[in-house]
1. Could you pull out every residue, at least 5 positions away or on a different chain, whose amide H is within less than 5 Å of the one on LEU80? Hs are placed 1.01 Å off N in the peptide plane, and Pro or chain starts have none.
2. If you put +1 on each Lys and Arg Cβ and -1 on each Asp and Glu Cβ, how big is the dipole of segment 77-172 around its Cα centre, in Debye rounded to 20?
3. Any lysines with Cα under 19 Å of the LYS17 Cα? List them, leaving off those in the same chain fewer than 8 positions away.
4. How far, in degrees from 0 to 90, does helix 14-28 lean away from the longest principal axis of the Cα atoms of the chain, to the nearest 10?
5. Taking the Cα centre of segment 12-79 as origin, work out the dipole magnitude from +1 charges on Lys and Arg Cβ and -1 charges on Asp and Glu Cβ, in debye rounded to 20.
6. Helix 91-106 against the longest principal axis of the chain: what's the angle in degrees, Cα atoms only, rounded to the nearest 10?
7. May I ask you to evaluate 6.51 cos²θ - 1.76 cosθ + 1.60, the Karplus curve with θ = phi - 60°, for each residue of segment 107-124 and list the ³J(HN,Hα) values in order in whole Hz, giving x for glycine and proline?
8. Can you tell me, using C-alpha contacts under 8 Å and at least 6 residues apart, the relative contact order of segment 73-143 as a whole percent?
Amino acid sequence: MTHLDIQQYSKLPITEKSLQQAHIQDTFGHIPFVKQRQWAQPDMSYSLKEGNELLAFFHIVLRNIEVDGTCIPVAGLSNLITPEQHRGKGHANALLTQGFSAIFSQLNAQHSLLLCKDELIPFYQQLNWYIINTQVVFMQKQGTEYYHSNTLMLSAGAPLNPTNIDLKGLPW
């Protein structure tokens, strides 16, 4: 039987953190955009497990961002990964559905934001994520950068349609 495991990222056991980091490196480590940037440390880790077996996981960065000049709290989604041996079984779908039900009810965030690869947009859209055509600004060591690709949001209530978003820090 599967269960949702929610933990503060800073309190994850080192073995679990190492396993997640290895999956992140295998999944995203070869992508130039990822390799060339600094990324925010997650605040939360959401995992779908069967016993102690990791079926899928994602991270959340909790942050107040600026949306069209207004500061709002968001749950930034990063690193949604299903280990290869568990792919195609609906684990990521189940994890996102269960995880965001908990996020929107327990955390001070009514919206989530995701920077997304083209080929994953249909997967997220089937789970009520929506594309926002906006300028996204984030910080790096050398200063401000602009994200010029897919930005998706998930909202607990009415969707947003912003023209400008400032992540107010490192991307996730």
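1. Under 5 Å from the amide H of LEU80: HIS59.
2. 160 debye
3. LYS49
4. The angle comes out near 60 degrees.
5. Computed about the Cα centre, the dipole is about 200 debye.
6. Taking the Cα atoms of the chain, the angle to 91-106 is about 60 degrees.
7. Ordered by residue, 3J(HN,Hα) equals 10, 7, 8, 10, 9, 10, 10, 9, 8, 10, 6, 3, 5, 9, 4, x, 4, 5 Hz.
8. Reported relative contact order: 41 percent.
The values are calculated or read from the model by the stated rules, or taken from the named source; none is laboratory data. The shown structure was predicted, so the numbers you read here are calculated from the model rather than taken from an experiment. Methodologically, a virtual Cβ is constructed for each residue, glycine included, from the backbone with ideal geometry; neighbour enumeration extends over all protein chains shown. SASA here: full protein model, heavy atoms, side chains in, ligands and nucleic acids out. Shrake-Rupley method; radii C 1.70, N 1.55, O 1.52, S 1.80 Å.
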